[in-house]
Amino acid sequence: MRILVTGSAGFVGSWIAQALIENGHKVLGIDDFSGGENSACDQLTLDLRNRRDLDIPIQFFKPEVLVHLAANAREGASQFQPWEVVSRNVSAYASVLEASLQAGVSRVVLFSSMAVYGDQTPPFDETLPLKPVDVYGTCKASMERMTEILSLVHGFQWVVLRPHNVFGERQSMTDRYRNVVAIFMNRILRGEPIYIYGDGSQERAFSYIKNSLPCYVRAIEDTGVNKEAINIGGRVPITVKKLAELVMEQMGIEAKIIYLPDRPLEVKYAYATTEKSERLLNYVEQYSLESGIASMASWAKKAGLREWKSEPLALVNELTPKTWVE
């Protein structure tokens, strides 16, 4: 198949592009390199928000499948940079989806987020209503609904994937606003303290990339899976405090933990069911959480410490986490 992958230079996008090429597909990537620097396929450097820039390359490539990963995935920071998050999610998706449909795309795989569930009682399953509590989750819920509506009118297949807390090799360690495992590792390498917002008892299920990747690829390739929203990710929730301890253990370096006030609107307990992904996409956790963190730690130590590159927030007030404005 001819597959267009947006966000192909990003962490998850690069793994998906590489796997699709290895499976014999023709892959074209589009990325603006604002959040990733990986290279796994032929890539165009384009900002998806610039609609007119997309027509010629997409019409020339004529993709059969659109896999959309490009995003600003800073859930917590989305309250402090709403335009950046809305434009890089909703506007960018509408732009590339329109151009792809004009070029004849017949299947769309949209990467959404567990953030669409908001602060409902976990584990979240796919029958729950979408009730996001932050700007990022609201964007993803809007993108999901846009996909369903346009499919009714234009007749394409679609699958929505809702990953959560994915980590692993190739993940950016430069962004102080997101990717908690990578943030912890970079702080350790830099000799900085680990910051935990709240008391560390908040729970998440973390998803190692090599456990989730086979499901991502099956969702793209299997046309029998259609009009489905599917959670994909870790089965067992742990506290953020326990995560910090595991990261330090696998890095082989102790770091001071500093507890800070809760971040505004952060959901305390957030993890999802895996039954649907097991049934439709054969989700299996081949790697334990500990082994996944160990693999990423080995990669991170070889890659070395990174400078923080996050751009300034557009809106700052007394609720802004101090580590984001230091």
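Going by what's in this entry, would S172 be described as touching a helix residue (DSSP H, G or I) at 6+ places or on another chain (Cβ under 7 Å), surrounded by fewer than 22 Cβ atoms within 10 Å (Cβ to Cβ) and assigned by TED's automatic domain parsing to the domain that holds N211? Give the derivation first.
Working: touching a helix residue (DSSP H, G or I) at 6+ places or on another chain (Cβ under 7 Å): yes; surrounded by fewer than 22 Cβ atoms within 10 Å (Cβ to Cβ): yes; assigned by TED's automatic domain parsing to the domain that holds N211: no.
No: the conditions fail for S172.
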| note | Flagged in segment 99-118 as in contact with a helix residue (DSSP H, G or I) (Cβ under 7 Å, 6 or more places away or on another chain), in a helix (DSSP H, G or I) and farther than 21 Å from L54 by Cα, in numbering order, are A115, V116
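Output the residues belonging to segment 1-37 that are among the polar types (S, T, N, Q) and within 15 Å of the chain's Cα centre (by Cα).
To start, the set of residues in segment 1-37 that are among the polar types (S, T, N, Q) comprises 6, 8, 14, 18, 23, 34.
T6, S8, S14, S34 - these are the residues of segment 1-37 that are among the polar types (S, T, N, Q) and within 15 Å of the chain's Cα centre (by Cα).
Applying the selection to segment 60-98, what residues are of a type in the set (S, T, N, Q), outside any helix (DSSP H, G or I) and out of contact with any helix residue (DSSP H, G or I) (no Cβ under 6 Å at 6 or more places or on another chain)? If you could, list the steps in order and put the result at the bottom.
Taking segment 60-98 first, the residues of a type in the set (S, T, N, Q) are 72, 78-79, 81, 87, 89, 91, 95.
Right, trim to outside any helix (DSSP H, G or I) and you get 72, 81.
Hit for segment 60-98 is Q81, nothing else.
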| remark: Quick count over segment 270-314, residues being over 30 Å from T121 (Cα atoms) and either of a type outside the set (F, W, Y) or modelled with pLDDT of 95 or more (or both), is 20
| query | Name the residues in segment 229-273 that are closer than 30 Å to Q157 by Cβ and not in a strand (DSSP E or B), would you? | reply | G233, G234, R235, Y271, T273
| query | Quick one: is E98 surrounded by fewer than 19 Cβ atoms within 10 Å (Cβ to Cβ) and more than 19 Å from the chain's Cα centre (by Cα)? | reply | yes
| query | Pick from W83, W15: which is under 18 Å from Q171 (Cα atoms) and at pLDDT 95 or above? | reply | W15
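A quick yes/no check of all residues on (1) among the aliphatic types (A, V, I, L, M); (2) surrounded by fewer than 20 Cβ atoms within 10 Å (Cβ to Cβ); (3) within 25 Å of F80 (Cβ to Cβ); (4) touching a strand residue (DSSP E or B) at 6+ places or on another chain (Cβ under 6 Å):
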{"site": "D222", "(1), (2), (3), (4)": "no, yes, no, no"}
{"site": "G233", "(1), (2), (3), (4)": "no, no, no, yes"}
{"site": "Y269", "(1), (2), (3), (4)": "no, yes, yes, yes"}
{"site": "S295", "(1), (2), (3), (4)": "no, yes, no, no"}
{"site": "K309", "(1), (2), (3), (4)": "no, yes, yes, no"}
{"site": "A314", "(1), (2), (3), (4)": "yes, yes, yes, no"}
| Filter segment 128-180 for residues that are on the phi < 0 side of the Ramachandran plot and of a type in the set (G, A, S); which is modelled with the lowest pLDDT? | S172
| query | Does segment 142-159 contain at least one residue that is touching a helix residue (DSSP H, G or I) at 6+ places or on another chain (Cβ under 7 Å), in the same structural domain as A92 (by TED's automatic domain parsing), aliphatic (A, V, I, L, M) and outside any helix (DSSP H, G or I)? | reply | yes
| request: From the list G252, G234, G200, pick out the single residue that is small (G, A, S) and closer than 30 Å to G24 by Cα. | output: G234
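From the list Y93, Y117, exactly one residue is free of Cβ contacts under 8 Å to residues at least 60 places away in the same chain, buried (at least 20 other Cβ atoms within 10 Å of the Cβ) and either among the charged types (D, E, K, R) or in contact with a strand residue (DSSP E or B) (Cβ under 7 Å, 6 or more places away or on another chain) (or both). Which is it? Outline the logic, then answer.
Numbers: Y117 fails: free of Cβ contacts under 8 Å to residues at least 60 places away in the same chain.
After ruling out the rest, the residue left standing is Y93.
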| message | Between S39, S34, S14, which is without any contact (Cβ under 8 Å) to a residue 60 or more places away in the chain, in contact with a Lys or Arg (Cβ under 9 Å, 6 or more places away or on another chain) and either within 18 Å of A71 (Cβ to Cβ) or surrounded by fewer than 23 Cβ atoms within 10 Å (Cβ to Cβ) (or both)? | response | S34
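Quick check on segment 123-133. Is at least one of its residues without any contact (Cβ under 8 Å) to a residue 12 or more places away in the chain and in contact with a helix residue (DSSP H, G or I) (Cβ under 6 Å, 6 or more places away or on another chain)? Even if it seems obvious, please write down each step before you answer.
Going residue by residue through segment 123-133, those that are without any contact (Cβ under 8 Å) to a residue 12 or more places away in the chain are 127-129.
Next, from what is left, pick out any that are in contact with a helix residue (DSSP H, G or I) (Cβ under 6 Å, 6 or more places away or on another chain): 128.
Yes: segment 123-133 contains one or more residues that are without any contact (Cβ under 8 Å) to a residue 12 or more places away in the chain and in contact with a helix residue (DSSP H, G or I) (Cβ under 6 Å, 6 or more places away or on another chain).
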| Pairs, first touching a residue at least 12 places away in the same chain (Cβ under 8 Å) in segment 297-323, second aromatic (F, W, Y) and surrounded by 12 or more Cβ atoms within 10 Å (Cβ to Cβ), C-beta under 6 Å, six or more apart | S310/Y177; L313/F80; L315/F80; T320/F80; T323/Y195
| Just wondering, is there one or more residues in segment 123-135 that are outside any loop (DSSP other than H, G, I, E, B) and under 20 Å from K268 (Cα atoms)? | yes
| message | I'd like the full set of residues that are touching a Lys or Arg at 6+ places or on another chain (Cβ under 9 Å) and among the aliphatic types (A, V, I, L, M), limited to segment 196-231. | response | I196, A205, I209, I220, V225, A229, I230
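The values are calculated or read from the model by the stated rules, or taken from the named source; none is laboratory data. Keep in mind that what you see is a predicted model, and the values were worked out from it rather than measured. Note that we place each Cβ from the backbone using ideal geometry, even for glycine, and neighbour counts take in every protein chain shown.
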